[in-house]
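One structure below.
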Amino acid sequence: MGSDRRPAAALEGVSKRYGETAAVADLSVTIEDGEFFTLVGPSGCGKTTTLRLLAGFEAPTTGRIELGGEDVAGVPPEDREVGVVFQEYALFPHMTVGENVGYGLSFADPPGGASRDERVAELLALVDLGETAERDPTALSGGQRQRVALARALAPGPELLLLDEPMSALDARLRERLRVQLREIQSELGITTIYVTHDQEEALAISDRVAVMQDGRIEQVGQPRELYRRPATQFVAEFLGENNLLSGRVTAVDGETAAVAVEPPDGTPVEFAVAADRTVAVDDRVFFCVRPERLTVGAGETENELAATARNVEFLGATTRVHLEWRGRELLALADRAIEPGAAVTVGFDPEDAHVLPRE
Amino acid sequence: MSLAPARWLERRAIAGLAVAVTALLVVVFYYPVGTVIVEAVGDERGPLAAFAALLRDPFYFGELARLVAGESPLAVGRDLLAGDRRLGVVGFTAYQALLSTVASVAIGLPAAYALARYEFPGRRTLRSLTLLPFVLPSIMVAVGFVAAFGEDGPVNAALGTVGLSIDLFTLEAIVVAHAFYNAPLVARVVTAAWESVDAGAVETARSLGASRSRAFLDVVAPQLLPAVAMGATLTFVFTFGTFPIVLALGGAEYTVLEERIFRLVQELAYAEAAALAVIELAISLGVLYLYLRIEARQAGGRTARPLPRRRLRPPELSVRALVPRVGLVAYGLVAAGLFLAPIASMLGASVTNAGGVTLEHYQFLLERQAEGAAFQAQPLPAIRNSLLFGAGALAVALPTGVVIAVLTTRSYRGRKLIDTVAMAPLAISGVVLGLGLLRGLVFGVEVGGTRLAVGGAAAIVAAHAVAGYPFVVRTVAPELETLDAQLAESARALGATRVRALLDVELPLVWPGVLAGAALALALSIGEFSATVVLATGADQFTMPVAIERFIGRRLGPATAMGVVLLAVTSASFLAIDRLGGDRGGL
């Protein structure tokens with residue numbers, strides 16, 4: 001990024017209201033050329049509406065949408081040069097797989113001077129479905145249909161690929177395999193892709209950048225690691241992965257470390273040392289969060305220690321999730337050894353693993 | 001982005017079609033009906049004088065007219081309860097419609113129960129056949145009833161052996177004939193509602209302690225009631241606007257509104273006809289509005305799991321297993337008699353006379369064809385006219401209906417209104433529409449000094465198209481509604497304009513609905529009588545139903561023969577449309 005190429009898509013102050021409810025509220029974001037950009041959030045957060053606004057299926061109530069640097073107000077979907085893949089694929093059931101993939105080539109010449117048949121074959125090969133052109137799409141498996149839908153969307157050579165939860169109808173294992181394949185195809189073609197999902201793990205795994213949405217607004221935009229490590233809001237901290245959130249009062253600031261006094265329900269404040277990666281001052285009330293995988297089980301290994309009780313233990317194979325009670329609060333830790341429910345457990349974290357949230 | 005002119009046009013095709021359909025409906029429906037209303041309120045005595053005169057006339061409103069004239073409601077009420085009360089034409093029309101509605105619901109409900117809750121060979125066929133009476137020409141059914149229940153008819157002969165008989169030309173005959181038409185309609189609507197009851201809901205009620213009958217009352221019945229109400233209101237609208245049945249079965253004793261309006265038109269008393277038409281219209285529209293309100297409240301959506309069907313063969317010899325099944329079989333026999341007797345009797349009567357089997361009735365048709373005078377109804381021109389008008393009506397009704405279905409499928413502000421306005425022809429009877437077209441289009445309009453008028457034939461096609469397109473809408477719209485909206489959106493994103501997406505994706509997928517609508521529209525046109533008889537300016541425009549009506553006045557035989565010809569042509573048209581569907585699936 002930082003190149004002089006025009007952004008592939010840009011929304012400026014875009015809102016979409018249905019009667020009294022705002023599905024999208026004053027949304028501004030820029031998507032760079034060639035980027036794999038993901039909108040993630042709980043259902044009803046406005047991510048699908050945003051995608052539909054970009055595709056031209058809906059018109060914004062206010063604001064401006066640009067595709068390739070041009071304002072697309074009033075431009076119908078068929079003239080936007082976008083490829084769309086829906087959750088249920090929406091394959092045309094009365095056409096063969098090949099006819100589905102070739103449908104968009106009725107309106108645009110295949111890119112690179114190929115013939116229609118060549119282009120269809122090329123796209124089907126790209127998604128590993130070389131031999132299926134004559135088949136009936138209803139005879140395919142869910143994963144195959146999803147790839148046909150992708151090939152169909154890509155066939156006319158769109159400028160922008162819009163994917164609306166394309167994996168959510170598939171089972172978990174298949175989903176993981178397909179997302180790797182999708183990312184490979186996207187990188188190979190270099191096509192700007194906007195991906196909508198409610199699955200935060202998928203969002204982190206596949207994207208160059210992720211926008212976390214809630215109530216029609218973008219809470220935070222950034223690279224997956226950045227969002228995971230330094231969530232800007234409580235919502236992002238808790239939506240992306242799991243987190244232990246604690247609040248308290250800043251009692252001292254010393255260079256890169258701050259002391260935060262947490263007051264548990266039972267009264268006696270406990271002080272923790274946390275990395276002061278934000279400008280905090282004494283007496284500020286702040287939230288900080290510690291990821292479960294950073295909450296180490298065992299005494300004497302970390303700077304901050306908490307004496308907790310194991311309440312519930314879930315063995316997950318690669319790891320073990322331990323639900324802890326610490327002075328009336330629930331905490332979550334990951335352990336690499338067996339722990340008995342009811343056992344007294346000491347857990348701890350290093351100051352650099354505690355991230356202080358800005359006040360909201 | 002610059003666009004080629006063809007693309008520019010394509011982009012606006014849907015809007016263009018919407019404008020064209022609106023213009024068409026204005027010309028062939030709203031303007032003609034409007035002229036009737038204008039004529040009715042345009043009385044020189046004042047805008048409402050014509051209605052006031054009608055309302056005070058006991059000939060139309062019976063005892064109720066005295067109420068309007070200022071008599072005490074108590075006295076009127078007492079007289080209404082008396083045995084010799086006078087209902088008047090409007091009162092009788094509503095009364096027979098009410099009785100017909102009750103009879104149709106009573107006969108339709110057991111059929112719905114059997115079709116929704118029992119499994120038996122031929123169930124699917126029977127379910128499809130419930131549509132059939134609806135498209136059978138009413139004048140032909142009337143001939144069938146005359147043949148079956150007339151003095152020499154086989155049904156009365158059979159009933160006579162057990163000391164019973166149904167008199168033709170009585171209210172009972174009218175009501176039974178109306179039930180023949182509308183009971184299947186009630187059965188159809190209620191069966192659909194019954195099939196959409198979720199078995200899980202009933203099972204939940206049972207598991208919470210409700211008995212079988214409580215679960216039925218609390219869970220099933222509330223879901224059936226709106227359907228029953230829908231079937232009843234539609235039946236009322238249809239039978240309130242009845243004409244050929246009463247014309248053929250009512251004799252001189254009974255007159256309904258449609259017939260009275262028709263007579264007034266023949267006597268050139270257009271003002272009174274118009275005022276009466278508006279009163280009929282107001283009542284029908286009121287009931288149709290009720291229907292649309294109930295329909296709108298019906299929850300859509302797919303049923304997770306319908307109630308399981310029971311086998312008709314009793315699983316055990318217990319009272320609980322036997323009573324409903326024996327009842328259904330008894331009902332089935334009576335219903336089969338009701339529905340088969342008229343058709344069978346018509347077929348039988350067409351090849352018999354007092355002396356036995358004969359072809360003389362068909363010979364009469366041939367002779368009439370060879371030697372008939374110009375003013376007489378002739379078989380071949382009637383067949384030709386029926387097919388030509390049918391094809392013309394189909395050519396107008398099918399695209400109109402499809403466009404309206406497309407426009408009313410997507411949700412937008414004002415859609416309800418458009419839906420209602422587009423469905424209004426359902427409430428307009430044939431005679432009233434015929435009257436409007438006659439006054440509005442056939443007599444012509446003055447536009448910029450030139451008189452524009454259309455011929456009777458064109459007006460007949462217009463009337464048939466107006467009567468047919470709502471059925472195209474009603475067969476196509478539900479299919480479009482259930483179609484995944486993302487199919488069309490995918491096509492749009494791939495570069496298809498709205499109209500291309502419609503042609504390439506949506507229409508092929510709702511093709512069975514389009515075909516069903518086409519078959520209905522064609523059959524309704526071929527069987528249409530009321531508007532045709534108003535608009536036909538001479539024997540050269542008579543259709544088969546009009547020819548039947550001309551024959552039935554003299555002798556039953558030729559009318560039944562013509563009825564058989566009509567049945568054959570209607571069936572052949574139906575089959576032709578089914579064949580056109582090819583492998584895309586027929587009706």
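Please indicate, with yes or no, whether at least one residue in the range B:12-35 is polar (S, T, N, Q) and within 31 Å of the chain's Cα centre (by Cα).
Initial filter on the range B:12-35 (polar (S, T, N, Q)): B:22, B:35.
From what's left, within 31 Å of the chain's Cα centre (by Cα): B:22, B:35.
The answer is yes; a qualifying residue exists.
Could you check, for the range B:411-434, whether at least one of its residues is touching a Gly at 6+ places or on another chain (Cβ under 7 Å), outside any helix (DSSP H, G or I) and among the polar types (S, T, N, Q)? Quick ask: steps written out before the conclusion?
The first filter runs over the range B:411-434 and keeps only residues touching a Gly at 6+ places or on another chain (Cβ under 7 Å), leaving B:429.
Narrowing the set further to residues that are outside any helix (DSSP H, G or I) leaves B:429.
In the following step, the residues that additionally are among the polar types (S, T, N, Q) were identified as B:429.
Yes, there is a match, as at least one residue in the range B:411-434 is touching a Gly at 6+ places or on another chain (Cβ under 7 Å), outside any helix (DSSP H, G or I) and among the polar types (S, T, N, Q).
Restricting to the range A:61-99, and then to whatever is surrounded by fewer than 24 Cβ atoms within 10 Å (Cβ to Cβ) and within 23 Å of the chain's Cα centre (by Cα), can you tell me which residue is farthest from residue A:15 (Cα to Cα)?
This residue is A:88.
Just checking, how many residues over the range A:271-309 are free of Cβ contacts under 8 Å to residues at least 40 places away in the same chain and closer than 22 Å to residue A:254 by Cα?
5
Sort out for me the strands (runs of 3 or more DSSP E) sitting completely within the range A:4-109 that have 1 or more residues that are more than 10 Å from chain B (Cβ to nearest Cβ) and touching a strand residue (DSSP E or B) at 6+ places or on another chain (Cβ under 8 Å). Before you say what the answer is, go through the steps one by one.
Values: elements: A:9-18, A:21-31, A:36-40, A:62-67, A:82-85.
It comes to A:9-18, A:21-31, A:36-40, A:62-67.
Is it true that some residue in the range B:564-583 is surrounded by fewer than 17 Cβ atoms within 10 Å (Cβ to Cβ), at pLDDT below 90, within 14 Å of chain A (Cβ to nearest Cβ) and over 23 Å from the mean Cα position of the chain (by Cα)?
Pass one, the range B:564-583, residues surrounded by fewer than 17 Cβ atoms within 10 Å (Cβ to Cβ): B:568, B:571-572, B:575-576, B:578-580, B:582-583.
When the remaining residues are screened for being at pLDDT below 90, the result is B:571-572, B:575-576, B:578-580, B:582-583.
Retained after the next criterion (residues that are within 14 Å of chain A (Cβ to nearest Cβ)): B:582-583.
So of that shortlist, the ones also over 23 Å from the mean Cα position of the chain (by Cα) come out as B:582-583.
The answer is yes; a qualifying residue exists.
Give the residues of the range B:498-548 that are among the hydroxyl-bearing types (Ser, Thr, Tyr) and either modelled with pLDDT of 90 or more or over 20 Å from residue B:464 (Cα atoms) (or both), sorted by residue number.
Residues of the range B:498-548 that are among the hydroxyl-bearing types (Ser, Thr, Tyr), as a first pass: B:525, B:530, B:532, B:537, B:543.
Hits for the range B:498-548 are B:525, B:530, B:532, B:543.
Looking at the range B:480-506, which of its residues are more than 8 Å from chain A (Cβ to nearest Cβ), surrounded by 18 or more Cβ atoms within 10 Å (Cβ to Cβ) and either free of Cβ contacts under 8 Å to residues at least 40 places away in the same chain or of a type in the set (A, V, I, L, M, F, W, C) (or both)?
B:480, B:488, B:499, B:501, B:502
From the list A:177, A:145, A:152, pick out the single residue that is in a helix (DSSP H, G or I), surrounded by fewer than 20 Cβ atoms within 10 Å (Cβ to Cβ) and of a type in the set (Lys, Arg). Spell out how you get there, then give the answer.
Numbers: A:145 fails: surrounded by fewer than 20 Cβ atoms within 10 Å (Cβ to Cβ); A:152 fails: surrounded by fewer than 20 Cβ atoms within 10 Å (Cβ to Cβ).
Answer to the selection: A:177.
Scan the range B:1-18 residue by residue and report those that are assigned to a helix (DSSP H, G or I) and either small (Gly, Ala, Ser) or modelled with pLDDT of 85 or more (or both). Before you say what the answer is, go through the steps one by one.
We begin by selecting, within the range B:1-18, every residue assigned to a helix (DSSP H, G or I); these are B:5-11, B:13-18.
Result: B:6, B:13, B:14, B:15, B:16, B:17, B:18.
Which one of these does residue A:112 not meet: (1) of a type outside the set (Phe, Trp, Tyr); (2) on the phi < 0 side of the Ramachandran plot; (3) modelled with pLDDT under 90?
(2)
All but one of (1) farther than 20 Å from residue A:184 by Cβ; (2) within 14 Å of chain B (Cβ to nearest Cβ); (3) hydrophobic (A, V, I, L, M, F, W, C) hold for residue A:148, so report the exception by its number.
With (1) farther than 20 Å from residue A:184 by Cβ; (2) within 14 Å of chain B (Cβ to nearest Cβ); (3) hydrophobic (A, V, I, L, M, F, W, C) applied to residue A:148, the lone miss is (1).
Looking at the structure I just gave you, is residue A:157 at positive phi and within 14 Å of another protein chain (Cβ to nearest Cβ)? Before you say what the answer is, go through the steps one by one.
On the way: at positive phi: yes; within 14 Å of another protein chain (Cβ to nearest Cβ): yes.
It is true that residue A:157 is at positive phi and within 14 Å of another protein chain (Cβ to nearest Cβ).
Filter the range B:3-55 for residues that are touching a helix residue (DSSP H, G or I) at 6+ places or on another chain (Cβ under 6 Å) and without any contact (Cβ under 8 Å) to a residue 24 or more places away in the chain; which is surrounded by the fewest Cβ atoms within 10 Å (Cβ to Cβ)?
B:47
What are the residues in the range A:93-131 that are more than 21 Å from residue B:508 (Cβ to Cβ) and among the β-branched types (Val, Ile, Thr), if any? Walk me through how you get there before you give the answer.
Pass one, the range A:93-131, residues more than 21 Å from residue B:508 (Cβ to Cβ): A:108-115, A:117-119, A:121-131.
Answer for the range A:93-131, where residues must be more than 21 Å from residue B:508 (Cβ to Cβ) and among the β-branched types (Val, Ile, Thr): just A:127.
Identify all residues within the range B:367-379 that are aliphatic (A, V, I, L, M) and surrounded by 13 or more Cβ atoms within 10 Å (Cβ to Cβ); write none if there are none.
Going through the range B:367-379, the residues aliphatic (A, V, I, L, M) turn out to be B:370, B:373-374, B:377.
Correct list: B:377 only.
Sort out which residues of the range A:226-247 are closer than 12 Å to residue A:291 by Cβ and not in a strand (DSSP E or B), and write them in order of number.
Quick first cut of the range A:226-247, residues closer than 12 Å to residue A:291 by Cβ only: A:228-231, A:237-238, A:240-245.
If the condition is that a residue be closer than 12 Å to residue A:291 by Cβ and not in a strand (DSSP E or B), then A:228, A:229, A:230, A:231, A:237, A:238, A:240, A:241, A:242, A:243 are the ones that fit.
For the range A:110-137, how many residues meet the condition of being assigned to a helix (DSSP H, G or I) and away from every other protein chain (no Cβ under 12 Å)?
As a first pass, look at the range A:110-137 and keep what is assigned to a helix (DSSP H, G or I): A:111-113, A:116-126, A:137.
Add one more test, that the residue is away from every other protein chain (no Cβ under 12 Å), and what stays is A:111-113, A:116-126.
Residues that pass the stated criteria total 14.
Return the pairs, sorted by first residue and then second, in which the second residue is of a type in the set (Lys, Arg), the first residue lies in the range B:540-560 and is surrounded by 21 or more Cβ atoms within 10 Å (Cβ to Cβ), the beta carbons are less than 9 Å apart, and the residues are 6+ apart or on different chains.
Close Cβ pairs satisfying both conditions: B:542/B:550; B:551/B:368; B:558/B:368; B:559/B:550.
What pairs can you find where one residue is in the range B:255-268 and outside any helix (DSSP H, G or I), the other is of a type in the set (S, T, N, Q), and their Cβ atoms are less than 8 Å apart, with a gap of 6+ or different chains?
Short answer, once both residue conditions are applied: B:256/B:93; B:256/B:96; B:256/B:242.
For the range B:148-171, does any single residue satisfy the condition of being at pLDDT 90 or above and either buried (at least 17 other Cβ atoms within 10 Å of the Cβ) or in contact with a strand residue (DSSP E or B) (Cβ under 6 Å, 6 or more places away or on another chain) (or both)? Working first, answer last.
The initial filter retains those residues of the range B:148-171 that are at pLDDT 90 or above, namely none.
The answer is no; no qualifying residue exists.
I'm checking my understanding of the structure. Among residues of the range A:188-225 that are in contact with a helix residue (DSSP H, G or I) (Cβ under 6 Å, 6 or more places away or on another chain), of a type in the set (A, V, I, L, M, F, W, C) and part of a helix (DSSP H, G or I), which one is surrounded by the fewest Cβ atoms within 10 Å (Cβ to Cβ)?
So the residue we want is A:204.
Take the conditions surrounded by fewer than 18 Cβ atoms within 10 Å (Cβ to Cβ) and free of Cβ contacts under 8 Å to residues at least 60 places away in the same chain and apply them to residue A:248. Does it pass? Please lay out each step first, then the result.
Numbers: surrounded by fewer than 18 Cβ atoms within 10 Å (Cβ to Cβ): no; free of Cβ contacts under 8 Å to residues at least 60 places away in the same chain: yes.
Spelling it out, it is not the case that residue A:248 is surrounded by fewer than 18 Cβ atoms within 10 Å (Cβ to Cβ) and free of Cβ contacts under 8 Å to residues at least 60 places away in the same chain.
Just wondering, is there one or more residues in the range B:407-430 that are farther than 30 Å from residue A:85 by Cα and of a type in the set (Phe, Trp, Tyr)? Please lay out each step first, then the result.
Step one: of the range B:407-430, the residues farther than 30 Å from residue A:85 by Cα are B:414, B:416-430.
Okay, now just the ones that are also of a type in the set (Phe, Trp, Tyr), so none.
The answer is no, given that none of the residues of the range B:407-430 is farther than 30 Å from residue A:85 by Cα and of a type in the set (Phe, Trp, Tyr).
The values are calculated or read from the model by the stated rules, or taken from the named source; none is laboratory data. Predicted model, so just to flag it, every value in this text is computed and none were measured. Glycine gets a Cβ as well: all are built from the backbone with ideal geometry, and neighbour counts include every protein chain shown.
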